[in-house]
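The values are calculated or read from the model by the stated rules, or taken from the named source; none is laboratory data. Small disclaimer: the values here were computed from a predicted structure and weren't measured. Please note: Cβ atoms are built from the backbone with ideal geometry, for glycine as well, and neighbour counts cover all protein chains shown. SASA here: full protein model, heavy atoms, side chains in, ligands and nucleic acids out. Shrake-Rupley method; radii C 1.70, N 1.55, O 1.52, S 1.80 Å.
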Amino acid sequence: MKQSLLITALLMSFFVFSQNDRIDDLTIKLAYQEQDSTKVDLSLELIEELCNIKEYKKALQYINQTAKLSETLNYIKGLAETTYYRGLVYSSNNDYYNAIDNYNRSRSYYLQISDTLGVAKVSNSIGLIEIRRGNYSVGLENSLSAIDIFEERDLVDELISAYNNLAEAYFKTNQIDKAIDFNFKALLIRRQIDDTDGIISSTKNIADLYGLRKEHRKSIEYYEKVLRLLDPEKDRAIRGEILPKLGTQYLAFREYEKAAQFLVEGLKYNRKAGNDEVVMSALNAIGNLNLQ
């Protein structure tokens, strides 16, 4: 286990150093580049790298500079991209009004140059914000409009984002079957790219949804899959959440011995971790178990 954690830490360090080298390289190149569209494109690469590591304040400085140059050059692609990234920065600060305003302006620029991928990217971002704000019908409309383009081009990250948006919106609007479908779509891609955390998240969502649909055997199946995937050190909080849920599903299925096993284990586990809300849930389920 220690060796595995050390390897993970080393890989993460290598990734961070590689990313920093890339940022340094782009920054140097920008300093010597003529004030033309090539400089805009280089700056957009740098902005993307900065946003990937959540350096939004520094990214915003480059966004504003690059937007001015794009406007001077009448470079529509540069205006579309910088306005998109400005929307992303606002969204990261939960300033949804300004985020949507910039996303809408970005989409207008992308439409001018017939960039269907850019339009899809913006639409999915708007969909995510609208779903967070509880405007599920608008969120669904925007994210659904992006799906075909992402699937056609096999864009993994964008597809996972869109599928998650749609799964959440369908869940919030009580369309459980569709929520399950889109969680399965996200799970398939996450398995393809070996995204362990993503696989755990999607599998847990599927188990929760089957539980809501009272398909207790399927819910049990997917909760047990989650438990097998968990890292005993890193995923303690998820394990604490799953154990009482699994016990509750066995209780609904009238398998009382297994229900007791997981509920008592979950109770002890969460008492030790100080998770009072989950402790209350486990106690209620144990009470129900004894009553039955």
Point to revise | Residue in the range 233-292 that is farthest from residue 213 (Cα to Cα), counting only those that are in contact with a helix residue (DSSP H, G or I) (Cβ under 6 Å, 6 or more places away or on another chain) and among the hydroxyl-bearing types (Ser, Thr, Tyr) | key: 269
Study note, to complete from the structure: From the option list 50, 69, 26, single residue qualifying as at pLDDT below 90, in a helix (DSSP H, G or I) and surrounded by 17 or more Cβ atoms within 10 Å (Cβ to Cβ) is 26
Review point. Limited to the range 167-205, what total is found for residues that are over 15 Å from the mean Cα position of the chain (by Cα), free of Cβ contacts under 8 Å to residues at least 12 places away in the same chain and open to solvent by less than 80 Å² (accessible area, probe 1.4 Å)?
Key: 1
Practice item. Could you figure out which of (1) of a type outside the set (S, T, N, Q); (2) over 23 Å from residue 176 (Cα atoms); (3) modelled with pLDDT under 90; (4) buried (at least 17 other Cβ atoms within 10 Å of the Cβ) isn't true of residue 239? Key: (3)
Revision key, fill the gap. With criteria (1) surrounded by 16 or more Cβ atoms within 10 Å (Cβ to Cβ); (2) more than 20 Å from the chain's Cα centre (by Cα), residue 233 comes up short on (1)
Review point. Can you pull out the residues in the range 273-292 that are touching a residue at least 24 places away in the same chain (Cβ under 8 Å), open to solvent by 50 Å² or more (accessible area, probe 1.4 Å) and not polar (S, T, N, Q)?
Key: 273
Practice item. Please go through the range 106-137 and pick out each residue that is surrounded by fewer than 16 Cβ atoms within 10 Å (Cβ to Cβ), aliphatic (A, V, I, L, M) and not in a loop (DSSP other than H, G, I, E, B). Key: 111, 117
Exercise for review: Any residue in the range 251-262 that's under 13 Å from residue 216 (Cβ atoms) and part of a loop (DSSP other than H, G, I, E, B): show its pairings with residues that are open to solvent by less than 80 Å² (accessible area, probe 1.4 Å) and of a type in the set (Val, Ile, Thr) at Cβ separation under 9 Å, as long as the two are six or more apart or on different chains.
Suggested key: 253/220; 255/220
Point to revise | Condition broken by residue 58, with the remaining ones in (1) over 16 Å from residue 121 (Cα atoms); (2) in contact with a Lys or Arg (Cβ under 9 Å, 6 or more places away or on another chain) satisfied | key: (2)
